[in-house]
Amino acid sequence: MHRRALAPLWLARPSRFADVQPRGGRIGMALLALLLLATLLVFASPAPPAASGDPAKRADDQADVVLYETIVDNVRAGRNYYLAAADAQRAGHYPLKPFVTMRLPTLARIQAALPPVAVRTLLYLLCAAVMVAWWARLSTALSRAPPRLIALALLAGGMMAFVQADLAPFHEIWAGLLIALSLGVWRPGRWLPAVAFGLAAALIRETAGLYLVLMGGIALLEGRRRETAAWAVAAAILAVALLLHAHAVAAVVRPLDAASPGWAGQLGFGFFVRTMALSTALAIAPLWLAAPLFGLSLFGWLAWCDALGIRVLALLIAYGIVLALFGRLDTFYWGLLVAPLSLVGIAFAIDGVRDLLGAALDTRRITVTRLVR
């Protein structure tokens, strides 16, 4: 007997699993349980050194932020960005090889051209823009106001680190917000603003280039040729910027400058989960609860039957692979690129879990009785 699709609880439209059959429901619940158990690998992953919380030790707790602040101050004083960055990285015993160890000059030059109060205001305005864009998107995804408010609270929980003004020199803060805004304004057939914001993110932090490739690849698979071309052009602009950046870095690097130890951390899926817990409001929850909640959010993005849900899920998976394979303990902040949207999927998971569980527990059978007269 074909099982009838269940009416949605929170979602405006039935979840991806609304009409799944009993066998599929049991398989789905088993896979979900496996995912939630896999998130507990977080206990087998190493943890980055904890910050002391002592203001007097800020130079140690936020060494990277202090480095970027120093570079911005020197550029504001009139120094060439590349000379200022090279000197600051040498003084802080940071590597200068390969060229990607030095950030693109975009953010430092913008911040150097603005007074600090304007930088903070711009950061808060960008956070507000992300909230507004996703409120509009959630209004069509969730049927009633209470679920929308819960989803918005989850979005705010993912942005907990992004409203800290002292982190404004950190490149991942801006790039992560711009990626979230890009996804929030993306619509089928209305992709130009999304491409523009995605390119802005990548020109601030080149690791956001993976987002450009991912969005272009999905558009290609869906047969959206014009959108695919737009993402390809954005990726090409980033490639040219990186070539120019590499040339400029080579002009200031000295033979004895330190080289990076590499990015083959291979810390595994548990490190990705730990990174997302540290980067969001899950940091205030015990790890045994935070880890499965993040796994539930991943499932929720899959359960939302929408092209945008697939894109966000693909983004989280892609950066999860990058962190699992190439992340080091001192590069856990890569997770900030995807942190803003990392918890919103919990709101979509409610319908998905209900649908899978209902299918798995459906034991109805058809009995055919032959009547003889």
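Every number here is computed from the coordinates shown, using simple stated rules; none is lab data. Remember, predicted model here, so these are calculated numbers, not experimental data. Glycine gets a Cβ as well: all are built from the backbone with ideal geometry, and neighbour counts include every protein chain shown.
How much net charge surrounds F332 when only other residues with a Cβ under 12 Å from its Cβ are counted (Lys, Arg +1; Asp, Glu -1)?
-1
Kyte-Doolittle cut-off 0.5, length cut-off 30 Å along the helix's own axis using Cα: show which whole DSSP H helices in the chain pass.
For the chain, where a helix must reach 30 Å along its axis and average at least 0.5, the hits are 116-141, 225-252.
For L238, L337, what ranking results if the residue with the fewest other Cβ atoms within 10 Å of its Cβ goes first?
Ranking L238, L337 by Cβ neighbours within 10 Å, fewest first, gives L238, L337.
Would the stretch 26-165 count as rounded, prolate or oblate if I go by the C-alpha gyration tensor, calling it rounded below 1.5 in a/c and otherwise prolate when a/b exceeds b/c, oblate otherwise?
Oblate.
If you wrap the stretch 237-303's Cα atoms in a convex hull and average its projection over all directions, what's the area in nm²?
Hull-based average projected area comes out at 8.2 nm².
Can you show me the helix-derived [θ] at 222 nm for the chain, built from DSSP H runs with n ≥ 4 at -39,500 (n - 2.57) apiece and divided by the number of residues, rounded to the nearest 500.
The helix-only estimate for the chain comes to -20000 deg cm²/dmol at 222 nm.
Looking at the square roots a ≥ b ≥ c of the eigenvalues of the Cα gyration tensor of the stretch 126-217, which shape do they give, rounded for a/c under 1.5, prolate if a/b is larger than b/c, or oblate?
Cα axes put the stretch 126-217 in the oblate bin.
Neighbouring Cβ atoms within 10 Å as the yardstick, rank L316, L142, L192, L214 fewest first.
In increasing order of surrounding Cβ atoms, one gets L192, L214, L316, L142.
At a threshold of 8 angstrom on Cα-Cα distance, excluding pairs fewer than six apart, so keeping six or more, what relative contact order does the chain reach in percent?
With pairs under 8 Å counted, the relative contact order is 30 percent.
Cα centroids of the stretch 268-303 and the stretch 86-158: how far apart, whole angstrom?
Comparing the Cα centres of the stretch 268-303 and the stretch 86-158, I get a distance of 20 Å.
DSSP loop trypsin sites (Lys or Arg not before Pro) in the stretch 107-172 with at most 14 other Cβ atoms within 10 Å of their Cβ, which ones?
In loop regions of the stretch 107-172 (DSSP not H, G, I, E or B), the sparsely surrounded trypsin sites (Lys or Arg not before Pro) are R144.
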